[in-house]
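Taking it in order: structure first as structure tokens, then the write-up.
Just so you know, all these numbers are worked out from the coordinates, no wet-lab data involved. All values reported here derive from a predicted model rather than from experimental measurement. No Cβ is skipped: glycine too gets one built from the backbone with ideal geometry, and neighbour counts run over all protein chains shown.
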Amino acid sequence: MTSSAFETDRPDPVSYLDRLATSDLGRSYKRRMLDELDLRAGHRVLDLGCGPGTDLEALAQAVTPAGAVVGVDHDRNMVDAARARTAGEAVVDVRHADIHDLPMPDRTADRARTDRVLQHVADPLAALGEIRRVLRPGGRLVMGEPDWETLAVDHPDSDLTRAYTRHVAERVVRNAGIGRQLARLATESGFRVPTVIPVTPVFRDVQVADKILGLERTTRRAVEAGYFSDQAAEAWLSHLTRGPFLAAVTFYIVVAEA
């Protein structure tokens, strides 16, 4: 089941996030999210689930020294990495906290963002309610999330593709359909949702796709979970390496206003 086309070892979480951020896909959708935030000098902006601080510098530049950037993450290692990276940014404050229980008063932030975070949280609706609490009236939240149930990988045996996507949606990602649910959940949390932007990256290179999707590692987990037999997994991966390769998934950028 192993091919030189695929990574066999799971990358370090910080390295993985850095890799995605510097990819063509990452740079493109992050620019669009930053544009939609419409940051101004003096704004106080929250980066919720900030990871190793990938986007904190760009936010700090946008709000200028007159503003403030607060990064929040529940993972202590990510917080430590983000603090180290932004040590020279006086306007940046990185906090170790839970998105369901933000350590800040009501109505004190002008902007907030979540980037591929709500797909992993225990209660997206509760998290959105908490973000709504800390935003000022008229404040803006910009969210970016995939809909993993739209993941499509071309293969002559469509049953194998369906099995792979089901495994990702049912076993790998906690809130796999969050992308298409964001507008509804935000509305239920008291936001107005003026904009929904679908972004559909298409991968034509199996190695580029593997760096994002972890194709072989995920297939191994699918075998262990009973979605693939060993023989089916071998047939699945072997064809992907021979090409031509094509995969796509829909990513949603949703703008919500308090």
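Please determine, in degrees from 0 to 90 and to the nearest 10, the orientation of helix 158-167 with respect to the longest principal axis defined by the Cα atoms of the chain, where the helix direction is its Cα long axis. Approximately 40 degrees, to the nearest 10. From least to most packed, judged by other beta carbons within 10 angstrom and beginning with the fewest, Ser189, Ser158 follow the order Ser158, Ser189. In terms of its C-alpha gyration tensor, region 164-258 has an oblate overall shape, because the principal axis ratio a/c (a ≥ b ≥ c, square roots of the eigenvalues) is not below 1.5 and a/b does not outweigh b/c.
Taking the longest Cα principal axis of the chain as reference, the axis of helix 13-22 is set at about 80 degrees.
Have a look at the DSSP beta bridges in the chain and tell me what percent are antiparallel, nearest 5.
On the way: 19 of 39 bridges.
Around 50 percent antiparallel, to the nearest 5.
For region 173-258, applying the loop criterion from DSSP together with a ceiling of 13 other beta carbons within 10 Å to the trypsin sites (Lys or Arg not before Pro) yields Arg174, Arg204.
Over the C-alpha atoms of the chain, the Rg to Rh ratio, Rh being the Kirkwood estimate, stands at 1.00. Region 233-258 and region 170-210 have their alpha-carbon centroids 13 Å apart.
About its Cα centre, the chain has a charge dipole of approximately 600 debye under the convention of +1 per Lys or Arg Cβ and -1 per Asp or Glu Cβ, with nothing else charged. Farthest toward the positive end of the dipole of the chain, out of Val70, Thr200, Val14, is the Cα of Val70, where the dipole comes from beta carbon charges about the Cα centre. Between the listed residues Val45, Val79, Gly179, the Cα displaced farthest toward the positive end of the dipole of region 13-257, a dipole computed from Cβ unit charges relative to the Cα centre, is found at Val45.
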